[in-house]
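Chemist: Let me give you the structure first, and then I'll get to my questions.
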Amino acid sequence: MTYNRIEVKPLSGTCGAEIFGVDLSEDLGNETFAEVQRAFHENLVIFFRDQDINEEQHKAFGRRFGSLNVHPRYVPLNGHPEIFPIRKDPEDKKIVGASWHQDLTHLEKPPLGSILYALDVPPVGGDTLFANQYLAYEALSDGMKDLLDGLVAVHDNRIQAPSIAAERNANFTSKVRDDPDEKDEPEMEHPVVRTHPDTGRKALFVCRPRTHRFKGMTEAESKPLLEYLFEHSHRPEFTCRFRWEKGSIAFWDNRCVMHKALNDYPGHKRYMNRVTVNGTRPV
Ligand SMILES: [Fe+2]
């Protein structure tokens, strides 16, 4: 199907497309919004260039897709609880989101997606990688698909939680809240293969930072297959790579893509704001 209101330029053969002809500082008319939504479903992650938006406009775009999440862990932007500032200053050694993951999979209702807006970027580096989890599932053998279709994964934030105190004291500009909502680290069960509520397609839904075992199995029993899936899920042929500029926006579908931020710009800063749209319970 063609587009009449917007131009859609794919970034790779697998996922990701740049969208042109849209100014997100203005209300999108219903026809334009419908085309942006279709491009989002067809390409899994969409990108906009040269946008000049304030915090309210950023949130307003997110609200077209659903209610907004308040991040359970990080200090929000002053006066904007729904905006998660992702900051790296020149002296910082660590960044947020450096390993392959979906956002907040330990929540009962993990996000629909995240909208990341670039305020300041390094001269080179700091790209973000995305991986298509429909393809990751479809590339598996029929026998493996049958096995995974019956499995439930247990997610929690355990690996990250012990590092909260260390992070709070580290040179790490995105600050952890004094009272993170996730300190109780509840376990959350989600199907290993989820069906996208809008497209009806099946996607792999596990990630190394938060998935520790299958329901009904020990961690030791689960580990070999989980490790296989973690590595399989971001094979290069499933991915695209986005190079940021000031004013760029990425909006990824957290239900069918994984992402990874590259920490390859020592001595430079990178400032982003994220708005996260709430999702539904995976089925
Ligand atoms: Fe992330």
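Here's the yes/no breakdown for (1) within 14 Å of the ligand (Cβ to nearest atom); (2) open to solvent by less than 30 Å² (accessible area, probe 1.4 Å); (3) farther than 21 Å from Thr239 by Cβ:
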site	(1), (2), (3)
Asp89	no, yes, yes
Asp92	no, yes, yes
Asp103	yes, yes, no
Lys109	no, no, yes
Val121	no, no, no
Leu129	yes, no, no
Leu135	no, no, no
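Chemist: While we're on this one: I'm trying to understand the selection: among the residues of the stretch 4-35, which are open to solvent by less than 50 Å² (accessible area, probe 1.4 Å) and among the aromatic types (Phe, Trp, Tyr)?
Modeler: Within the stretch 4-35, just Phe33 meets the criteria.
Chemist: Test Arg274 against the stated conditions and say whether it is within 13 Å of the ligand (Cβ to nearest atom), closer than 21 Å to Asp50 by Cα, of a type in the set (Lys, Arg) and not in a loop (DSSP other than H, G, I, E, B).
Modeler: Against the criterion (within 13 Å of the ligand (Cβ to nearest atom), closer than 21 Å to Asp50 by Cα, of a type in the set (Lys, Arg) and not in a loop (DSSP other than H, G, I, E, B)), Arg274 qualifies.
Chemist: Test each condition in (1) away from the ligand (no atom under 14 Å from the Cβ); (2) touching a strand residue (DSSP E or B) at 6+ places or on another chain (Cβ under 7 Å); (3) farther than 18 Å from Arg255 by Cα for Phe84 and report the one that comes out false.
Modeler: (1)
Chemist: Would a scan of the stretch 218-230 turn up a residue that is within 28 Å of Gly16 (Cα to Cα), within 17 Å of the chain's Cα centre (by Cα), part of a loop (DSSP other than H, G, I, E, B) and of a type in the set (Phe, Trp, Tyr)?
Modeler: no
Chemist: For the structure I just gave you, tell me whether Lys260 is under 16 Å from the mean Cα position of the chain (by Cα), surrounded by fewer than 22 Cβ atoms within 10 Å (Cβ to Cβ) and modelled with pLDDT of 95 or more.
Modeler: yes
Chemist: Then there is this: For the condition farther than 20 Å from Val257 by Cβ and assigned to a loop (DSSP other than H, G, I, E, B), what is the one hit in Gly125, Gly97?
Modeler: Result of the check over Gly125, Gly97: Gly125.
Chemist: Please tell me if Leu140 is modelled with pLDDT of 95 or more, open to solvent by 50 Å² or more (accessible area, probe 1.4 Å) and away from the ligand (no atom under 12 Å from the Cβ).
Modeler: Considered against the rule, which asks whether it is modelled with pLDDT of 95 or more, open to solvent by 50 Å² or more (accessible area, probe 1.4 Å) and away from the ligand (no atom under 12 Å from the Cβ), Leu140 comes out as no.
The values are calculated or read from the model by the stated rules, or taken from the named source; none is laboratory data. For clarity, every value in this text was computed on a predicted model and none was experimentally measured. A quick note on method: Cβ atoms are made from the backbone with ideal geometry, for glycine too, and the neighbour counts reach across all protein chains shown. Surface accessibility is based on the protein's heavy atoms, side chains included, excluding ligands, DNA and RNA. Shrake-Rupley method; radii C 1.70, N 1.55, O 1.52, S 1.80 Å.
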